[in-house]
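Taken together, the values in this text are just the output of simple stated rules run on the coordinates, not laboratory data. Every value quoted in this text rests on a predicted model; they were computed, and no experiment measured them. With ideal geometry, Cβ positions are generated from the backbone for all residues, glycine too; neighbour counts draw on all protein chains shown.
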Amino acid sequence: MPSHFLACHALTKCLLLRCYLCLRVASNFMGCASRLAITLDEEMLHSSGTTIYPGITAPSSLPKKTGAQVSKELGGRLLLRYLLATQIGIFYGGSNKLHFVTPTPIAPADTVSILALPAPGTSRDFAMLLDPKQIPDIWGPRYVRAGQGVEYLLPSGFPQSALVLPWEVQIV
Amino acid sequence: MAYTPMEEEPDFSNLQACAATWLTPQGYELFSGFGNRHGSWEATFSRQHGNITEFISLDLTSLSAPPVGRPLSYNVEVWIDAEQADKFCRRMVGQLSVTDDHLNAQDFLQKLSALLNTAASVGNNLTSADLDGTYSRGFMRP
């Protein structure tokens, strides 16, 4: 059992206060909203009976799903593909390469550490919003290896029709 | 299903084949071929080293906007990460810069080979004590 939980348990017998303190202490490890957003996504996936595979699971061993299946397990939510400001517009026509996406909105200050991204000095201030229902092949989900988030893989990329907006969203 | 991307997408197949040639003798196998991870093109190789699973990743990130009439430049990074149960570590081994018309040039490939060899050496010396990160998953319920 984590030490911060034991400390909270020792502080009070009130269940709600214990949960609150536990979250407060746990959130100190990274931006509070980002950590909480990941945890809520884990809860959402688990409650829909979806297994989140370990980060060391090879792509070929992940469950292969249709976009409609993934949309259902996400409760109709969208997928996010973060990008650098210099890459805006590059994927307006879609892509037929492998892409990594996540359902979790993450603050730019946390994106690199949560998703274990390269180019660590460059924040990902923009994101494309993708509708999973428009993407035929989606693999996952699995945890981000050496990070903290949850990800899906788009082995055949995504069609232009999957772009919910005709531009990237700036994360502010 | 094939789509028609607006921009011509890069082909790093030769780079991936070269990396496989250099890392296979060290016990690494291709884990994931080149894909785009939130702005960077990445290929990953993995091996089991005792109780530790190790990964070497080769990443190319274009940090400037697509140029007109000039080659696109990439920042090339080599990373190693490892994990055992809920412990992990992740380290950058080194960086290079290259333009896309130079990706198959011998001088670049030699430098990249040296960087990947360094990564494999780092992997050889990794122990459980080096895994300084801990995964935190889900709520801690009382």
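Some points to look at:
- Average Cα contact separation per residue, chain B, under 8 Å, 6 or more apart, as relative contact order %: 18
- Rounded D (µm²/s) - region A:24-172, Kirkwood Rh over Cα pairs, Stokes-Einstein at 20 °C, 1.002 mPa s: 138
- Neighbourhood net charge (12 Å Cβ-Cβ; Lys/Arg +1, Asp/Glu -1) for residue A:162: 0
- Semi-axes of the equivalent ellipsoid of region B:55-142 are 33, 19, 7 Å, computed as sqrt(5λ) over the eigenvalues of the C-alpha gyration tensor in descending order.
- Part-to-part distance (alpha-carbon centres) for region B:21-94 and region A:100-156, which is given in Å: 16
- By the Stokes-Einstein formula, at 1.306 mPa s and 10 °C, region B:1-117 with its Kirkwood radius over alpha-carbon pairs has D equal to 104 µm²/s.
- Rg/Rh (Cα only; Kirkwood hydrodynamic radius) as it applies to the protein assembly as shown: 0.97
- Over the residues of the protein assembly as shown, the helix contribution to mean residue ellipticity at 222 nm works out to -8000 deg cm²/dmol, using -39500 (n - 2.57) for each DSSP H run of at least 4.
- Across the cross-link table entries A:64/B:87; A:72/A:133; A:97/B:87; A:97/A:133; A:97/B:111, which are compared at the Cα atoms, the separations over 20 Å belong to A:64/B:87; A:97/B:87; A:97/B:111.
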